[in-house]
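For reference, the structure is listed below as structure tokens.
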Amino acid sequence: MEQVLEREELIKKYLLGELAGDEQAEVEIRVLTDQGYFNELLLVEDEITDDFVSGTLSGHEQERTRDYFLAVPERRQKLKFIKALEQYASESDAEDTADTVNDDILSEAQRNRVLLESLINGDWMGMHLIALLRLSSQKKADLAVAIRTDDATITPILNRLILSGVIEEYEGLFACTELGARILRKIEEASGVEFTP
């Protein structure tokens, strides 16, 4: 492993023009005669280019890259390509992030609409159900009796309240969730009206 790192460092110095004449000649001969070494040189070229674009090279290496490494037209062309690719990727990430934020906002708005409908439909029946369930878990039939309605009327409202996450059902018993209790408390505080069963 150490030999690989030393070889990569030697190639990097060669590409940045930091080798003495005899060392430079040795690397050039090896690049021309050893395909594996040539492939390694190409990898180190890519690393230098990537590091230059990302700004992770030291000040000295940045300077050597500009003055020596990028004197080769093909490398300048590769640099332009990588910069364009990186810019596209960052713009694409920004668009994806903006799209995700917009999707999240729209999803939350839809959930809020469903919640609001489930709370106020049927003469605020949803609010009364949450108030009842805040006190204790109950069966659907008992809830219907408590708010003077029938199963057919109460079922869709209970389903919407469950979808909204303000109540939950477990083995035929309905209960108010923490979210439901928090929403009910906020509405009561804001309106000054206490919803009682």
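Results, tabulated for the structure shown:
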quantity: Rounded to the nearest 20 debye, dipole of the stretch 125-194 from Cβ charges on Lys, Arg, Asp, Glu; calculated: 120
quantity: Computed lengthening from GLU169 to THR149, 0.36 nm per intervening residue step minus Cα-Cα distance; calculated: 5.3 nm
quantity: At R0 = 22 Å, FRET efficiency that the Cβ-Cβ distance of GLU23 and GLU47 yields, to 0.05; calculated: 0.65
quantity: Contour minus Cα-Cα distance for HIS60 and LEU135 (0.36 nm per residue); calculated: 19.9 nm
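Each reported figure results from applying straightforward, stated rules to the coordinates on display, with no laboratory input. It should be emphasised that the depicted structure is a prediction, and the values quoted were computed from it without experimental measurement. When we count neighbours, we look across all protein chains shown, and the Cβ atoms used for this are built from the backbone with ideal geometry, even at glycine.
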